[in-house]
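A.B. asks: Let me give you the structure first, and then I'll get to my questions.
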Amino acid sequence: MRRLGAAIVVGTAVGLVGFSAGSQLDVADNGNAAILIGFLSGAAGFLVTLGFASDVLLRFRGRPGSPNFKRSQGAGWTEYLGISLDHKVVGIQFALGAVLIAVALILVSVL
C-alpha cells in the first residue's frame, strides 16, 4: 500500500513536469501537446514507481523479465490494486476503469 501512495505522488509530479514541458513545445497554443505529454509522462512515472517498467526494459534489452505480479489469493480489496494474472481481477480493474472514464466524460460534458 505504501508503494501505491509513492507511485501516485511520483506519477503526479512527473505528469506535471511533462505538462509544463509540453506547454513549452505547443506551437499551436491549444494545449493538446501539453495534455498528451503530461498524461504519457505521468503514466510512465506511475508505472516506473510501481516497478512494472523494469520488466519492460529488461525485455527490450533481450533479457528475460522477472515476474512482478502477485499470486496471493484472498488478499482483500488491495488485491485489485496491483498487477495480477487472475482474469477476474483484470476484469474488475478494466470495468472500474471504464466506469471512471464514463463518469469523467459525463462530468466534462455537463461542465
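A.B. asks: Say we look at segment 58-85 and pick out the residues that are closer than 18 Å to residue 4 by Cβ and charged (D, E, K, R); which of these is modelled with the lowest pLDDT?
C.D. replies: The residue in question is 70.
So that you can scan it fast, the table gives a plain yes or no per residue for (1) in contact with a helix residue (DSSP H, G or I) (Cβ under 9 Å, 6 or more places away or on another chain); (2) at pLDDT 75 or above; (3) of a type in the set (Val, Ile, Thr):
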{"position": "4", "(1), (2), (3)": "yes, no, no"}
{"position": "15", "(1), (2), (3)": "yes, yes, no"}
{"position": "23", "(1), (2), (3)": "yes, no, no"}
{"position": "28", "(1), (2), (3)": "no, no, no"}
{"position": "34", "(1), (2), (3)": "yes, yes, no"}
{"position": "47", "(1), (2), (3)": "yes, no, no"}
{"position": "50", "(1), (2), (3)": "yes, no, no"}
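A.B. asks: Quick one: what pairs do we get from segment 26-49, first residue outside the structural domain of residue 81 (by TED's automatic domain parsing) and hydroxyl-bearing (Ser, Thr, Tyr), second in a helix (DSSP H, G or I) and at pLDDT 75 or above, C-beta under 6 Å, 6+ apart or different chains?
C.D. replies: Matching pairs, first to second residue: 41/14; 41/15; 41/18; 49/6; 49/10.
A.B. asks: Show the residue pairs that are 6+ apart or on different chains and have beta-carbon atoms under 8 Å apart, the first residue being within segment 71-94 and in a strand (DSSP E or B), the second being modelled with pLDDT under 70 and basic (Lys, Arg).
C.D. replies: Close Cβ pairs satisfying both conditions: 84/70.
The values are calculated or read from the model by the stated rules, or taken from the named source; none is laboratory data. Predicted model, so just to flag it, every value in this text is computed and none were measured. A quick note on method: Cβ atoms are made from the backbone with ideal geometry, for glycine too, and the neighbour counts reach across all protein chains shown.
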